[in-house]
Amino acid sequence: MNTKIKPAPILEGKKALVIGVANRHSIAYGCANAFRAVQADVGLTYLNEKAKKFVEPLANELEASIFAPLDVSVPGQLEAVFDEVARKWKRLDVLVHSIAWAPKDDLQGGLLDCSADGFAKAMDVSCHSFVRMAKLAAPLMKEGGTMFAMSYYGANKVVANYNVMGPVKAALEACCRYLAYELGPKGIRVHAISPGPLKTRAASGLKDFDILLNEAARRAPLGELVDIMDVGYTCAYLATPYARRLSGETLYVDGGVNIMA
Ligand SMILES: NC(=O)c1ccc[n+]([C@@H]2O[C@H](COP(=O)([O-])OP(=O)(O)OC[C@H]3O[C@@H](n4cnc5c(N)ncnc54)[C@H](O)[C@@H]3O)[C@@H](O)[C@H]2O)c1
């Protein structure tokens, strides 16, 4: 993107809650940055005290008006975040779910070796947490809104070493469709976003991730890798009225890799 062009304030005054910033490389940071660039107010969460020192400078940089702890596996924390949104913003326009986790042994072994407990934990943090968030966010989206969850190509096709995250992302994409169906009457649109590979901390947990990166760059019709701002601006566009008739999609932000045989 030509960074000299100042983005138009297409989401001025809209309230965007972005979950999943760990550091400057996070896809969630690209989303929050893009929403701020088009003049939305952003709210960020951080996983725990250890993560806070990395996320706080980014929250300050983006003038985040909400900054709260959130580990979705800690009972009550999600509710507390949405209580704060209700108190401070009194409404919500955009929700971004950009989190994923699986126990290391369950992630790095094949699906056959994934334990029941590891499978359930991966599904809870990476998928069902989005359903819980959607339930809390929907009543605040009084004038409609847009919700996003980050998926990956491994949801639909087998990607070596993606292992348990493949079925988990498949479930996440299906949840987006069912939520789009249930929330459509309230004017709320729900999308899965499927970015191409990006060098983030979550990605570093996947074996041979560099091979995926090289392959994606080589196979992309557009000839290069995507970056986190590409993902962010796609979400920003989808949250505008220009995209008001789109819902329940899985949108690939991958330079076209997914169309290739
Ligand atoms: N990096 C890629 O190549 C890629 C490609 C497609 C999709 N994705 C997806 O994008 C999303 C964001 O990942 P990323 O690549 O930006 O990595 P990242 O490590 O920057 O972000 C992952 C986030 O998940 C959060 N998280 C983990 N467990 C949590 C919990 N219990 N409660 C709350 N938050 C928790 C972490 O704190 C972190 O902020 C994930 O869903 C990932 O699967 C990543």
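What follows is calculated from the coordinates using simple rules that are stated; it is not laboratory data. Computed from a predicted model, the values in this text were never measured in an experiment. Ideal geometry is used to build each Cβ from the backbone, glycine not excepted, and the neighbour counts take in all protein chains shown.
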Gaussian network model of the chain, springs between alpha carbon atoms under 10 Å - residue of A16, A174, A203 with greatest fluctuation: A203
With the Cα gyration tensor of region 1-112 giving a ≥ b ≥ c as the square roots of its eigenvalues, does the rule (a/c under 1.5 for rounded; else a/b larger than b/c for prolate; else oblate) give rounded, prolate or oblate? oblate
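So what's the net charge close to G184: Lys and Arg +1, Asp and Glu -1, counting the other residues with Cβ under 12 Å from its Cβ? Write down the numbers at each step before the final one.
Values: positive: R177, K186, R189, R244, R245; negative: E182.
Result for the local shell: +4.
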Find out how many positive minus negative residues lie around I193, taking Lys and Arg as positive, Asp and Glu as negative, among other residues whose Cβ is under 13 Å from that of I193. -2
Mind checking the dipole of region 63-190: about its Cα centre, +1 per Lys or Arg Cβ, -1 per Asp or Glu Cβ, Debye to the nearest 20? 500 debye
Each label point is 7 Å from the Cα along the Cα-to-Cβ direction; what then is the distance between the points at R132 and I259, in nm? 3.9 nm
Give the cross-link partners of K135 among the lysines, using a straight C-alpha distance below 27 Å as the criterion and excluding same-chain residues fewer than 8 apart. K14, K15, K52, K88, K90, K121, K169, K186
Quick check on region 116-261: take the gyration tensor over C-alpha atoms, sort the square-rooted eigenvalues as a ≥ b ≥ c, and tell me if it's rounded (a/c under 1.5), prolate or oblate. oblate
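Suppose the chain between D117 and R24 were pulled fully straight at 0.36 nm per residue; how much longer would it get relative to their current alpha carbon spacing? Mind dumping the intermediate values first?
Numbers: separation 93, 0.36 × 93 = 33.48 nm, distance 3.12 nm.
Full extension of this stretch gives 30.4 nm more.
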Where is the GNM fluctuation largest for the chain (alpha-carbon springs, 10 angstrom cutoff): V231, V125, V190? V125
Calculate the length of the line joining the C-alpha centroid of region 151-230 to that of region 38-60, in whole Å. 23 Å
Estimated inter-spin distance, A174 and Y237, nm [label 7 Å along Cα→Cβ]: 3.0 nm
Label-to-label distance, nm, for residues given as R218 and V74 (7 Å Cα→Cβ offset): 4.4 nm
Which of these, P139, P195, P167, has the largest mean-square fluctuation under a Gaussian network model of the chain (Cα springs below 10 Å)? P139
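At R0 = 35 Å, how high is the FRET efficiency between E143 and N60 if r is their beta carbon distance? Nearest 0.05 is fine. Spell out each step's value before the answer.
Details: r = 29 Å, r/R0 = 0.82.
E(calc), rounded to 0.05, equals 0.75.
Which shape class applies to the chain: rounded if a/c is under 1.5, otherwise prolate when a/b exceeds b/c and oblate if not, where a ≥ b ≥ c are the square roots of the Cα gyration tensor eigenvalues? Don't skip to the answer; put the middle values down first.
Working: a/c = 1.43, a/b = 1.21, b/c = 1.18.
Judged from the Cα gyration tensor, the chain comes out rounded (a/c under 1.5).
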List the aspartates and glutamates whose Cα sits under 14 Å from the Cα of K53, skipping any in the same chain fewer than 8 residues away. E61
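In debye to the nearest 20, how big a dipole does region 3-102 give about its Cα centre with +1 on each Lys and Arg Cβ and -1 on each Asp and Glu Cβ?
Roughly 300 debye, rounded to the nearest 20.
So if I place +1 on the C-beta of Lys and Arg and -1 on the C-beta of Asp and Glu, and nothing else carries charge, what would the dipole magnitude of the chain be about its Cα centre? I want it in debye, nearest 20. Intermediate values should be presented prior to the final figure.
Values: 30 positive and 27 negative charges, 132 e Å.
Using only the charged Cβ atoms, the result is roughly 640 debye.
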